[in-house]
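The values are calculated or read from the model by the stated rules, or taken from the named source; none is laboratory data. Computed from a prediction, not measured in an experiment: that's the story for all the values here. In this analysis, Cβ positions are derived from the backbone assuming ideal geometry, glycine residues included, and neighbour counts consider all displayed protein chains. In case anyone asks, the SASA skips ligands and DNA or RNA and just uses the protein heavy atoms, side chains included. Shrake-Rupley method; radii C 1.70, N 1.55, O 1.52, S 1.80 Å.
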Amino acid sequence: MEQRLVQFVLMVCFILMQVSITYSKGIIIAEKGKTDAKILVSQQSGNFEKLAAEDLAKYIERMTGAKPEIISSQQEISTALLRKDIPVFIIGTLAIKENPQLQIKLDAVKKKNPVLRADAIVIKTEGNRIFLAGSNDESHYFAVAELLRRWGCRFFMQTEFGECVPEYSRLILDQIDYAYAPPFEVRKYWLSWYGDATGQAQFMRLNMMNNEVVPSGHALAKYTKDIAPGGDPFKVPISERSTAEHVAAKIEKDYAAGKRISLGMEDGLYTSDSTKDKELMALQWDKYFLTPSMTDAFMEFYNNVADILMKKYPESKAKIGFLAYSNMTLPPVRDIVAKEPLVAYLAPIDIDPIHGMDDPESPPRQEYKDMLYKWAKVMQGRVVIYDYDQGMLVWRDIPNPSIASIRQDIKHYRNAGILGIDTESRGAFATTFINLYIRGRLMWNPDEDVKKLIDEFYPAFYGPMAKPMSQYWNAIFKAWEETIVTEHEYFIAPAIYTEDLVKFLEKKLIEAEKIAEKISTKKQKTRNENLYLERMKFTRLGFEVLKNYMAMVKEASTNCDYAKAVSYGEKGLAAREQLTAMNGIFTTYKRIGEHGYAWWPGEVQQYRELLALIDGTKGTLIKKLPLEWAFIRDPENIGIKERYYDCAIALTYWNKNSSSFTIKTRKDYPAKTWEIVKTNLYLQAQGIRRKDRQADIGYGWYRTEIELEDSDLQGNIHIMFPGIFNECWLYINGREVAHRENYKGLWWLNDYRFQWDIDLTGTLKPGKNTIALRIHNPHHFAGMFRRPFIYRTE
């Protein structure tokens with residue numbers, strides 16, 4: 001009887017031990033700040049396996065206050081594997097050794113016949129055991145990252161500032177049997193312009209990004225410099241067989257050794273005097289770079305190089321990377337199949353970075369979709385997208401989401417069967433915000449619900465301030481998503497951040513700050529509460545940068561009040577300094593330096609110089625020209641014949657119908673019919689586009705009239721256009737008086753002040769004067785974006 005009783009007690013104890021680590025069919029990992037869990041990892045594990053074990057222990061401790069023990073000695077592993085009463089995590093190669101079925105699961109989901117690599121993960125629970133493994137060393141880590149996500153851990157930005165780790169009194173793991181492989185072999189970003197890399201590696205790992213790369217950067221010149229005509233790397237006879245033979249000989253050793261080699265073009269526009277190149281260049285005109293396309297010539301070169309080396313070293317696994325960039329962004333015209341070693345990095349640097357490929361408001365993006373699928377066919381899938389998470393390449397440290405584009409485009413990338421995405425980023429999280437997080441999630445799984453990702457972000461990142469902060473950021477996302485502008489750079493800012501939007505953002509920020517005050521007064525704050533307050537400070541400083549920058553732009557472009565513009569600019573720059581002092585990942589300007597008028601300090605300097613022209617230092621203001629001018633589109637270039645420079649202006653149609661046009665439908669306004677535009681915003685941002693929504697509107701005419709007194713005309717009189725794009729012709733009282741003939745068609749090749757200063761001494765007259773401005777817009781931005789004025793030089 002006593003023996004039976006003992007057996008019964010032992011059986012009950014065994015059952016209780018089993019129950020003690022299970023809860024609702026799950027495994028209790030930690031409870032009330034304690035854990036008996038063990039993490040097992042082989043002593044022979046790779047670097048990522050070890051990191052996986054360390055970070056699993058680290059984040060369990062952060063969630064619960066209890067840190068599992070990491071075991072790697074064989075004897076201790078053997079002992080732990082015998083235990084049935086504690087949670088046992090088994091990581092990586094050890095997991096596959098202990099449970100060979102995991103390898104079968106991995107093989108079933110991972111990519112077949114990969115070009116570079118095949119990532120896959122598996123997570124499986126069996127009793128008290130939790131197996132976490134992958135198809136390679138990095139993927140072992142990704143399995144742990146997936147488990148952390150299931151517990152609610154989120155990593156929105158680099159460094160602990162962007163980590164959102166929930167706190168649990170009891171941490172439970174439900175039963176799992178899960179295997180998954182991403183469609184992309186390349187899933188990464190790199191930091192350009194000396195962006196702050198603090199926390200980058202961990203951020204990438206935790207969001208399942210890798211560092212797979214085929215070098216493709218600008219490298220060709222070092223192989224062609226001794227055959228470049230006149231030493232000019234952009235004039236190499238690229239399609240000639242002799243050029244391929246020359247380059248192949250220089251990279252032969254690396255190719256034979258199976259290395260990855262870059263033959264990426266240099267950063268500029270190529271041309272050639274070679275007869276063969278000219279024949280191939282004649283096949284298509286690149287409207288984005290206003291020059292013949294070099295793609296067919298380059299593909300001849302790349303295939304020739306690959307062909308030479310493949311014949312010599314047929315067993316080599318080498319890869320040759322190149323950029324489909326600049327004037328070889330367009331796919332080739334001829335029916336070409338790229339040789340197997342070649343990998344193309346498609347870099348659409350000048351194609352609308354705001355919209356997705358399926359957005360009807362963006363013909364350039366739809367054209368890019370065609371380019372993508374054609375390149376994928378030419379390369380037989382060996383394409384990596386080289387895109388830009390900060391689409392505005394020269395920007396002002398204000399928010400610039402690229403979420404609207406990637407959430408559409410990612411499915412096309414998958415459908416095209418390409419290798420993946422390698423994003424050029426600045427970091428600069430005050431600008432890019434959660435762009436890289438969203439990209440990471442979509443690169444791992446293109447079917448992720450982006451709305452859900454954004455919705456869960458706010459309570460995790462802002463805590464009690466989630467509601468007003470969601471309204472704040474969603475308003476920004478919406479403004480970018482709904483805009484019609486397809487250009488890039490800081491000139492578009494007023495089209496996105498309208499006065500109404502900035503006022504709304506400030507209102508929501510103040511609402512959130514009132515809630516945050518309650519947390520700030522608490523004597524004891526949790527780790528997450530301190531982070532919420534830091535994030536509110538980050539948001540406030542980011543808003544101060546935005547508010548002051550937009551106030552600066554308004555005073556300069558609308559009011560010609562350059563003193564106020566400078567003042568607001570200096571306030572905005574000071575707020576940016578505070579933002580940078582918080583965390584170096586928020587901006588990049590400290591590292592790259594900001595020299596010249598393209599940068600924000602240079603823009604402020606430009607306003608100082610304009611101020612000197614009107615405040616008596618170097619000149620005196622005579623008259624601000626009107627903010628609104630009449631405008632007529634001239635697609636057939638008949639304006640000179642029809643005397644648009646001095647003919648009568650009929651605004652009957654405009655006065656009757658203007659209210660029926662929205663910014664999106666204004667493209668349908670009748671050509672050769674006068675309308676009203678503003679001079680403080682470039683034309684496309686006001687809705688002046690072709691009927692097919694393209695931005696290159698061709699010729700157009702501005703007209704206005706001003707009254708001048710005799711006293712206004714004393715001395716040397718100038719008209720200043722402080723911000724104007726395009727080749728222009730100025731007419732005064734029916735006579736052409738100036739031609740801006742030195743303006744380059746590609747706007748970014750010009751002086752970033754974009755000023756045009758014309759001496760009108762002796763040209764104007766007392767009384768009414770008719771001013772006409774003819775423009776020609778072949779590419780992107782059109783017309784004025786800062787209000788012009790007349791001044792007298794000292």
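What to note about this one:
- Per-region count, segment 177-213, residues in a strand (DSSP E or B), open to solvent by less than 20 Å² (accessible area, probe 1.4 Å) and aromatic (F, W, Y): 1
- The single residue among I421, I398 that is touching a residue at least 24 places away in the same chain (Cβ under 8 Å), of a type in the set (A, V, I, L, M), in a strand (DSSP E or B) and open to solvent by less than 20 Å² (accessible area, probe 1.4 Å) turns out to be I421.
- Any hit, segment 427-442, residues being over 30 Å from Y682 (Cα atoms) and polar (S, T, N, Q): no
- Taken together, the residues in segment 94-117 that are in a loop (DSSP other than H, G, I, E, B) and open to solvent by 20 Å² or more (accessible area, probe 1.4 Å) amount to 9.
- Failed criterion for E577 (all others in (1) in contact with a Gly (Cβ under 7 Å, 6 or more places away or on another chain); (2) open to solvent by 40 Å² or more (accessible area, probe 1.4 Å); (3) over 28 Å from H718 (Cα atoms); (4) among the charged types (D, E, K, R) hold): (1)
- When R787, R753 are checked against the criterion of being within 23 Å of A565 (Cβ to Cβ), of a type in the set (K, R), modelled with pLDDT of 95 or more and under 27 Å from the mean Cα position of the chain (by Cα), R753 stands alone in meeting it.
- Pick from segment 404-418, criterion modelled with pLDDT of 95 or more and touching a helix residue (DSSP H, G or I) at 6+ places or on another chain (Cβ under 7 Å), ranking: surrounded by the fewest Cβ atoms within 10 Å (Cβ to Cβ): G417
- Residue within segment 719-737 that is surrounded by fewer than 14 Cβ atoms within 10 Å (Cβ to Cβ), more than 19 Å from E642 (Cβ to Cβ) and out of contact with any Leu (no Cβ under 7 Å at 6 or more places or on another chain) present: no
- Listed conditions (1) open to solvent by less than 20 Å² (accessible area, probe 1.4 Å); (2) assigned to a helix (DSSP H, G or I) are all met by C560, apart from (2).
- Of the residues Y752, Y791, Y699, the single one that is of a type in the set (S, T, Y), part of a strand (DSSP E or B) and either at positive phi or open to solvent by 20 Å² or more (accessible area, probe 1.4 Å) (or both) is Y699.
- When residues of segment 368-395 are limited to those that are of a type in the set (S, T, Y) and open to solvent by 10 Å² or more (accessible area, probe 1.4 Å), the one farthest from P215 (Cα to Cα): Y373
- Positions within segment 560-598 being of a type in the set (K, R) and touching a residue at least 60 places away in the same chain (Cβ under 8 Å), in sequence order: R576, R591
- Among the residues of segment 580-597, just one is among the small types (G, A, S) and buried (at least 16 other Cβ atoms within 10 Å of the Cβ), namely G584.
- Of residues in segment 281-320 being over 29 Å from the mean Cα position of the chain (by Cα) and under 18 Å from M371 (Cα atoms), the one surrounded by the most Cβ atoms within 10 Å (Cβ to Cβ): A297
- Boolean, D254 is among the acidic types (D, E), open to solvent by less than 30 Å² (accessible area, probe 1.4 Å) and at pLDDT 95 or above: no
- Considering residues of segment 755-788 that are hydrophobic (A, V, I, L, M, F, W, C) and part of a strand (DSSP E or B) only, the residue farthest from K678 (Cα to Cα): I758
- Residues that are closer than 15 Å to S169 by Cα, open to solvent by 10 Å² or more (accessible area, probe 1.4 Å) and at pLDDT 95 or above within segment 17-47 comprise I28, E31, K32, G33, K34, T35, D36, listed in sequence order.
- Whichever residue in segment 272-312 is free of Cβ contacts under 8 Å to residues at least 60 places away in the same chain and assigned to a loop (DSSP other than H, G, I, E, B) and, among such residues, is farthest from W747 (Cα to Cα): S274
- Failed criterion for S470 (all others in (1) over 29 Å from P601 (Cβ atoms); (2) touching a residue at least 24 places away in the same chain (Cβ under 8 Å); (3) buried (at least 18 other Cβ atoms within 10 Å of the Cβ) hold): (2)
- Here segment 120-156 is the region considered, the condition is being under 24 Å from R83 (Cβ atoms) and either of a type in the set (S, T, N, Q) or in a helix (DSSP H, G or I) (or both), and the residue that is most open to solvent (accessible area, probe 1.4 Å) is R150.
- Flag for I349 being part of a loop (DSSP other than H, G, I, E, B), under 30 Å from R260 (Cα atoms), hydrophobic (A, V, I, L, M, F, W, C) and at pLDDT 95 or above: no
- K222, sole failed condition from (1) more than 30 Å from Y437 (Cα to Cα); (2) open to solvent by less than 30 Å² (accessible area, probe 1.4 Å); (3) assigned to a helix (DSSP H, G or I); (4) of a type outside the set (A, V, I, L, M): (2)
- Matching residues, segment 60-93, being open to solvent by 10 Å² or more (accessible area, probe 1.4 Å) and in a helix (DSSP H, G or I): E61, R62, T64, Q74, Q75, E76, S78, T79, L81, L82, T93
- Scanning segment 516-545 for residues that are open to solvent by less than 70 Å² (accessible area, probe 1.4 Å), of a type outside the set (S, T, N, Q), in a helix (DSSP H, G or I) and more than 23 Å from A475 (Cβ to Cβ) returns I519, E529, L531.
- Some residue of segment 448-459 being within 19 Å of the chain's Cα centre (by Cα) and open to solvent by 70 Å² or more (accessible area, probe 1.4 Å): yes
- Scanning segment 617-631 turns up no residue that is in a helix (DSSP H, G or I) and either open to solvent by 40 Å² or more (accessible area, probe 1.4 Å) or over 30 Å from Q694 (Cα atoms) (or both).
- Contacts under 7 angstrom Cβ, first residue in segment 326-340 being on the phi > 0 side of the Ramachandran plot and in contact (Cβ under 8 Å) with a residue 60 or more places away in the chain, partner surrounded by fewer than 20 Cβ atoms within 10 Å (Cβ to Cβ) and of a type outside the set (F, W, Y), 6 or more apart: S326/G268; S326/L269
- Scanning segment 563-598 for residues that are more than 15 Å from T432 (Cβ to Cβ) and not in a helix (DSSP H, G or I) turns up G593, E594, H595, G596, Y597, A598.
- Of all positions in segment 493-508, at least one carries a residue that is closer than 24 Å to M582 by Cα, in a helix (DSSP H, G or I) and without any contact (Cβ under 8 Å) to a residue 40 or more places away in the chain.
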